[in-house]
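Below is one structure, written out as structure tokens; comments come after it.
The values are calculated or read from the model by the stated rules, or taken from the named source; none is laboratory data. Just so it is clear, the model here is predicted, and its values are computed rather than measured. Neighbour counts run over all protein chains shown; Cβ positions are idealised from the backbone, glycine included.
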Amino acid sequence: MNVSDIDSSNAPIASDLVVQGPHVLREDIEVLQLMTNAAGVEPLSRAQCDAYRLHAPLGVDGVREACEAAGYDWAVVPHSRLLARMRLLAFDMDSTLITIECVDELAKLRGVGDQVAAITASAMRGEIDFRASLEQRVALLAGLPESQLLHVYDERLRLSPGAGRLLETCRRNDVKTLLVSGGFSFFTERLRALLGLDHTLSNTLEMAGGQLTGRLIGDIVDADAKASCFAELAARYRGADGIAVAIGDGANDLPMLAAADVSIAYRAKPRVRAQAMHAIDHCGLDAVLNLFA
């Protein structure tokens, strides 16, 4: 497969091959350079992983298979996709910006962990409607003390590797950030304050007497709501030549990813990985930075 695509003016689009992983062997890069007839190799240092840019490869036949076998992430990155052009970066929350599924952690504390985890997994694979699945899961949480939500936030919630570095780079480059989640505002609003995020959208759990009622307040944030919020902010911030980026892992992220200029599946379900522009399976979130020239 040739990596010089054609744009609307029938001119070839100049691109490089980016290969990255927790530990990339230099010998493997040399093999990939020979496979692709790349003009040269440049080490990259934006992320806390091993990363290399192979300049002007003539083709990428066999690269996918070689990288999958070695445990490397790879991407074809056009020269025109400059980091300075990024205007908006949107994250899903659960299993993307953070390492856990908050609803699953709450369910464990309520004693319904297996039931809720099974529904979550099915919804993320796109096997059942997200809206219905969320209502089912929240109903199973009825009676959980509000204090347990804080326990999950304090004791179990962790940022995904590389998230801090990615967000710090966004701040330095005046990139607006959006945390958009089918999860809960109890967590998104705390993350917004902690990380200095610009926008959030999520679901609100109903409380009564210091406990969850098993219901939600207001409209449910589903796949369409995520995509609509992202599209609105992208139109606001993109400008004449900007790039809006979306990162997600589950089926309810697909409409948002489809609306993005650059879509990234982060440690995602196979269906999401297949439809996104790029996939990061082995590196941290800061590897997103290497997908830009």
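Residues Val63, Val31: which one is touching a Phe, Trp or Tyr at 6+ places or on another chain (Cβ under 9 Å) and more than 14 Å from Asn290 (Cα to Cα)? Write out each step before concluding.
Details: Val31 fails: touching a Phe, Trp or Tyr at 6+ places or on another chain (Cβ under 9 Å).
It is Val63.
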Restrict the check to the stretch 212-224 and report whether at least one residue is surrounded by 21 or more Cβ atoms within 10 Å (Cβ to Cβ) and either among the charged types (D, E, K, R) or closer than 20 Å to Met86 by Cβ (or both).
no
Can you name every one of the strands (runs of 3 or more DSSP E) wholly within the stretch 1-118 that holds 3 or more residues which are at pLDDT 95 or above and either surrounded by 19 or more Cβ atoms within 10 Å (Cβ to Cβ) or on the phi > 0 side of the Ramachandran plot (or both)?
15-21, 50-55, 73-78, 86-91
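Quick one: is Ala193 among the small types (Gly, Ala, Ser) and in a helix (DSSP H, G or I)?
Yes, satisfied.
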Is there a residue being within 29 Å of Val245 (Cα to Cα) and of a type in the set (Asp, Glu) anywhere in the stretch 145-153?
no
It is to be established whether one or more residues within the stretch 121-128 are out of contact with any Ser or Thr (no Cβ under 8 Å at 6 or more places or on another chain) and on the phi > 0 side of the Ramachandran plot.
yes
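Considering the stretch 102-125 alone, what residues qualify as being in contact (Cβ under 8 Å) with a residue 24 or more places away in the chain and within 23 Å of the chain's Cα centre (by Cα)?
Those that are in contact (Cβ under 8 Å) with a residue 24 or more places away in the chain and within 23 Å of the chain's Cα centre (by Cα): Cys102, Val103, Glu105, Leu106, Val116, Ala123, Met124, Arg125.
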Considering only residues that are touching a residue at least 40 places away in the same chain (Cβ under 8 Å) and in a loop (DSSP other than H, G, I, E, B), look in the stretch 128-159 and name the one that is surrounded by the most Cβ atoms within 10 Å (Cβ to Cβ).
Leu141
Complete set of residues in the stretch 204-220 that are free of Cβ contacts under 8 Å to residues at least 60 places away in the same chain and out of contact with any helix residue (DSSP H, G or I) (no Cβ under 8 Å at 6 or more places or on another chain)
Glu206, Ala208, Gly209, Ile217, Gly218
Looking only at the stretch 174-203, count how many residues are free of Cβ contacts under 8 Å to residues at least 60 places away in the same chain and either under 15 Å from Met256 (Cα atoms) or under 17 Å from the mean Cα position of the chain (by Cα) (or both).
7
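Look at Ala163 and say whether it is on the phi < 0 side of the Ramachandran plot and free of Cβ contacts under 8 Å to residues at least 60 places away in the same chain. Let's see the steps before the verdict.
Working: on the phi < 0 side of the Ramachandran plot: yes; free of Cβ contacts under 8 Å to residues at least 60 places away in the same chain: no.
Spelling it out, it is not the case that Ala163 is on the phi < 0 side of the Ramachandran plot and free of Cβ contacts under 8 Å to residues at least 60 places away in the same chain.
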For the structure I just gave you, tell me whether Leu291 is over 28 Å from Pro43 (Cα atoms) and buried (at least 19 other Cβ atoms within 10 Å of the Cβ).
no
When restricted to Asp253, Asp219, Asp286, the only residue part of a helix (DSSP H, G or I), farther than 30 Å from Val41 by Cα and either hydroxyl-bearing (Ser, Thr, Tyr) or assigned by TED's automatic domain parsing to the domain that holds Ser122 (or both) is Asp253
